[in-house]
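Derivation of every value follows stated rules applied to the coordinates shown; laboratory data play no part. No experiment lies behind these values; they were computed from the predicted model shown. Virtual Cβ from ideal backbone geometry, glycine too; neighbours counted across all protein chains shown.
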Amino acid sequence: MDETDTPEIYCTETSQSEPDPVEYDTEETSNTIIDETDKSTESEYDDESTQLTEPVTSDTETVDVITETSDAETTETLPPVDEKVVYLTFDDGPSKKYTEAILDMLNAHGIKATFFVIGQNAKRYPSIVQRIVDEGHALGCHSMTHEIKSIYKSVDQFKSEIDDWEDTISDILGDLPPKKLIRLPGGSTSAFRYGEYGVELISYIKERGYYAYDWSAANGDKWEGDRKEGESMDDYLRRMIIETTEKCLTRGDRPCIILVHDTSPDTFDMIDWALTELQNRGYVFKTLYELDENYIFAKY
């Protein structure tokens, strides 16, 4: 495949209003830390939307904000709070426009991250997938198509998404990554919101040997619900990634998994600053290969 001839990936920001008709997948998912004791956080969510050029197509219907919250499922004791460990994760790539430059930044900082890639994007840019792995980052499944309104329609459809993703990654790398990681499009609650088989799908993930991860901090690059009046986008993203990460650390009852998108131009503009700031605050970056527990919102 000649990657220079493949179509470019663009990230489309969304808002409360109905977006212009384009080919992209809109979902609303958690932006900030879910806290059952803090009702003010229940509706703070991240709209994780990705525009994928043909042949990936999906509808543009905007869904209601999730209002249910739950404690994440864990299987092992979390690290002590004083370790200040964070797990930086990138969704929706690889993007030819941004991912390689982000990899350069990570290398400059000596940081390893986790990339949850969409299979069809991986097929477009296999050399970027190979580079992610070669440079010691973790690679995880984010479905084959990211079309959340069809992925969860049936158990067979969901299984097909996983099968196709694994086939794609195996073709690129020669094998699957050493540890199976997955982040469901829209977060784990989407398996229940968009279909009738949430319990079966989560159980299937476990049976197949996957560790499932949502997130507990974010920069809000796909959802501006917490943006203050007059606040620039850059200031908003910088504030959110620090506030949500420090809140997660203060809680001490869950891993600090940071969600950003390597398809977002706004994240690209601020990520080098964020890496420097978090390192200056004493945070230690690890990949999700090093976290032997599940962390998901869905309670079932």
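Taking helices (runs of 4 or more DSSP H) that fall entirely within segment 81-190, which contain at least 1 residues that are over 23 Å from D266 (Cβ atoms)?
Qualifying helices (runs of 4 or more DSSP H): 119-124, 126-134, 148-151, 155-173.
Is there any pair with a first residue in segment 230-246 that is touching a residue at least 60 places away in the same chain (Cβ under 8 Å) and a second that is buried (at least 16 other Cβ atoms within 10 Å of the Cβ) and assigned to a helix (DSSP H, G or I) whose Cβ atoms are under 9 Å apart and which are 6 or more apart or on different chains, and what are they?
T245/L278
May I ask you to list the residues in segment 181-199 that are charged (D, E, K, R) and surrounded by fewer than 17 Cβ atoms within 10 Å (Cβ to Cβ)?
The answer is E196, and nothing else.
Within segment 242-300, which residues are outside any helix (DSSP H, G or I) and among the small types (G, A, S)?
G252, S264, G282, A298
Which one is farthest from the chain's Cα centre (by Cα), of the residues in segment 247-272 that are within 22 Å of G136 (Cα to Cα) and not β-branched (V, I, T)?
D272
Enumerate the pairs (first residue in segment 261-276 and of a type outside the set (A, V, I, L, M, F, W, C); second residue anywhere and assigned to a helix (DSSP H, G or I) and buried (at least 21 other Cβ atoms within 10 Å of the Cβ)) with beta-carbon separation below 8 Å, excluding pairs fewer than 6 apart on the same chain, so at least 6 apart or on different chains.
Here the result reads H261/T267; D262/T99; D262/I102; D262/F268; D266/L237; T267/L237, each pair linking segment 261-276 to a residue that is assigned to a helix (DSSP H, G or I) and buried (at least 21 other Cβ atoms within 10 Å of the Cβ).
All but one of (1) part of a helix (DSSP H, G or I); (2) under 24 Å from K149 (Cβ atoms) hold for G195, so report the exception by its number.
(1)
Taking W215, is it touching a residue at least 60 places away in the same chain (Cβ under 8 Å) and under 21 Å from T99 (Cβ atoms)? Walk me through how you get there before you give the answer.
On the way: touching a residue at least 60 places away in the same chain (Cβ under 8 Å): yes; under 21 Å from T99 (Cβ atoms): yes.
Answer is yes for this residue.
Here's the yes/no breakdown for (1) crowded, with 17+ Cβ neighbours inside 10 Å; (2) of a type outside the set (A, V, I, L, M):
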position: T114; (1), (2): yes, yes
position: N121; (1), (2): yes, yes
position: R124; (1), (2): yes, yes
position: I132; (1), (2): yes, no
position: H137; (1), (2): yes, yes
position: I172; (1), (2): yes, no
position: P178; (1), (2): no, yes
position: A212; (1), (2): yes, no
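Tally time: how many residues in segment 118-144 are of a type in the set (V, I, T) and within 14 Å of the chain's Cα centre (by Cα)?
1
Could you say which residue among L181, L176 is within 23 Å of M144 (Cβ to Cβ), in contact with a helix residue (DSSP H, G or I) (Cβ under 7 Å, 6 or more places away or on another chain) and free of Cβ contacts under 8 Å to residues at least 40 places away in the same chain? Spell out the reasoning first.
Values: L181 fails: free of Cβ contacts under 8 Å to residues at least 40 places away in the same chain.
Going through L181, L176 in turn, the sole match is L176.
Return a yes/no flag: does segment 224-231 have any residue that is buried (at least 19 other Cβ atoms within 10 Å of the Cβ) and in a loop (DSSP other than H, G, I, E, B).
Of all residues in segment 224-231, those buried (at least 19 other Cβ atoms within 10 Å of the Cβ) come to 224, 226.
From what is left, the residues that are in a loop (DSSP other than H, G, I, E, B) are 224, 226.
Checking segment 224-231: at least one residue is buried (at least 19 other Cβ atoms within 10 Å of the Cβ) and in a loop (DSSP other than H, G, I, E, B).
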